[in-house]
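The values are calculated or read from the model by the stated rules, or taken from the named source; none is laboratory data. Please read all numbers here as calculations on a predicted model, not as lab measurements. A quick note on method: Cβ atoms are made from the backbone with ideal geometry, for glycine too, and the neighbour counts reach across all protein chains shown.
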Amino acid sequence: MTTTDEPKVNSTPPAPQRPPQRPADRVFAASAKYAGVLILVILAAVAIFLLVQGWPAISTPGAELAEKVHWFGDGTSILGYVGPLVFGTILAALIALVIATPIAIGVALFISHYAPRRVASGLGYVIDLLAAIPSVVYGLWGALWLMPRLFPFTEWLTTYFGWIPLFEGPAANPARTIFTAGIVLAVMILPIITAVSREVFLQTPTLHEEAALALGATRWEMIRMAVLPFARSGIVSATMLGLGRALGETMAVAMVLSPGLMYSIFILQPGQQQNIAANIALKFPESSGLGVNVLIFTGLVLFLITLLVNMFARWIVSRRAEFSGAN
C-alpha cells in the first residue's frame, strides 16, 4: 500500500498587515498626541502656580494674617477662613442643581420626544442661545428684576415652612441671599444640562423605543424603560458640567448676594454665606502682599473641588460604561 505525501497546511492565518501610513496621517496622530499632552502640562502648571503662590498664606500664622490683611478677620487660621467659603460655594451650587436638573431633563425630553419638529428646532436654538449669554447679564437680571419680585415668595416660605431650618426667617428684603444666588445659577446652568441631555436622549436606539411601543407601552413608559436607562450616564455628565459652572461662577453671585462667612443653612437670610469665586473678585482690588496669597490659596481650593467633582463624575460614568444601545 502506497501513501502519498500531502502538503502540510498551515492552520495559523497570516497576521494582517497594517496599511502604510501617509505623511498626513502621521502629522495628525502626532498633533493629537501633543495636544493631549499639552492639556496635562497646562493643568499641572496651573496647579503648581496656585500652590506656590498660595503657600505663604498656608505657612503664615493666622494672627499675622489678621494683622497684615485688614479683611481677613481676627486671628482666624487660613483653613478657618476658607471653610465657610467652601461651604457657601457648595451650598449655592447644590441649590442650583436641585432647581435646574429636573427642569432641564423635562425640557430636554419635551424637545426630543414630545414637541413637533419645528417647535423642537426653535426651542433647541433658544436653549443654545441662553448658554451664550454672559454671566454679568444674568447678574443684572437677578439684581434688578428677580430680587424685588422674590421677596413675597420667600416671605411665604418663612411663614408656612419656617419650621424647616432651611427656610427659617426673617426673610431678607431685598432678597440678597444664597437662595437668590442659587436661582440665578440655576438659570445659568439650565441650558448646559438641557443641551447635553437632549443630545443623549436623541441617541437612544430607535429599536429600543419601537420595541417598547410595540409591547403596548405608552410614550412615558417607553421613555422610562428605554430612554432614561440608556441616558443615565449622559445625564450624570450633563449635571456635572452644570455643577462645574455653578461652582466657579463669579459676577452673577457677587451682584445678588450679601456676603458673610458663616456655616449657615439659613438660605433666606442675608449676610450668611459667600462663594469662593465671588469672594476673590470682591477682595482682589483692595488686596496686596499676603492678601493676594490668601486669595490665590482659596483659588487653589476651588481648583481642587472642581477636580474632585470631575473625577467623581468620570467614576460614575465609567461604572455605566458596560451599558450600550446594543444590550
Exercise. Which of the following residues is of a type in the set (Gly, Ala, Ser), under 30 Å from Pro259 (Cα atoms) and out of contact with any helix residue (DSSP H, G or I) (no Cβ under 8 Å at 6 or more places or on another chain): Gly162, Gly106, Gly142?
Worked result: Gly162
Exercise. Taking Ile103, is it out of contact with any Phe, Trp or Tyr (no Cβ under 8 Å at 6 or more places or on another chain), at pLDDT below 90 and either outside any helix (DSSP H, G or I) or closer than 21 Å to Gly244 by Cα (or both)?
Worked result: no
Problem set entry | For Ser197: the one exception among (1) surrounded by fewer than 20 Cβ atoms within 10 Å (Cβ to Cβ); (2) within 23 Å of Glu249 (Cβ to Cβ); (3) in contact (Cβ under 8 Å) with a residue 24 or more places away in the chain | (1)
Seminar exercise, completed: Of the listed residues (Ala92, Ala63, Ala96, Ala104), the one being without any contact (Cβ under 8 Å) to a residue 40 or more places away in the chain and of a type in the set (A, V, I, L, M, F, W, C) is Ala63
Exercise. Looking only at residues in region 203-217 that are in a helix (DSSP H, G or I) and of a type in the set (A, V, I, L, M), which one is surrounded by the most Cβ atoms within 10 Å (Cβ to Cβ)?
Worked result: Ala212
For this session: Would you list the helices (runs of 4 or more DSSP H) that sit entirely within region 218-268 and hold 3 or more residues that are surrounded by 20 or more Cβ atoms within 10 Å (Cβ to Cβ)?
Result: 232-247, 251-256
Exercise. Can Ala120 be described as within 27 Å of the chain's Cα centre (by Cα), at pLDDT 90 or above, more than 20 Å from Ala93 (Cα to Cα) and small (Gly, Ala, Ser)?
Worked result: no
Problem set entry | region 30-76: number of residues that are assigned to a loop (DSSP other than H, G, I, E, B) and aromatic (Phe, Trp, Tyr) | 2
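Conditions (1) over 22 Å from Gln273 (Cα atoms); (2) part of a helix (DSSP H, G or I); (3) not β-branched (Val, Ile, Thr), marked per residue:
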| position | (1), (2), (3) |
| --- | --- |
| Leu91 | no, yes, yes |
| Val98 | no, yes, no |
| Ala120 | yes, yes, yes |
| Gly124 | yes, yes, yes |
| Ile133 | yes, no, no |
Exercise. Leu129 versus (1) surrounded by 13 or more Cβ atoms within 10 Å (Cβ to Cβ); (2) under 25 Å from the mean Cα position of the chain (by Cα); (3) not polar (S, T, N, Q): which is the lone unmet condition?
Worked result: (1)
Exercise. On the given criteria, is Gly216 without any contact (Cβ under 8 Å) to a residue 24 or more places away in the chain, touching a Gly at 6+ places or on another chain (Cβ under 6 Å) and of a type in the set (Gly, Ala, Ser)?
Worked result: no
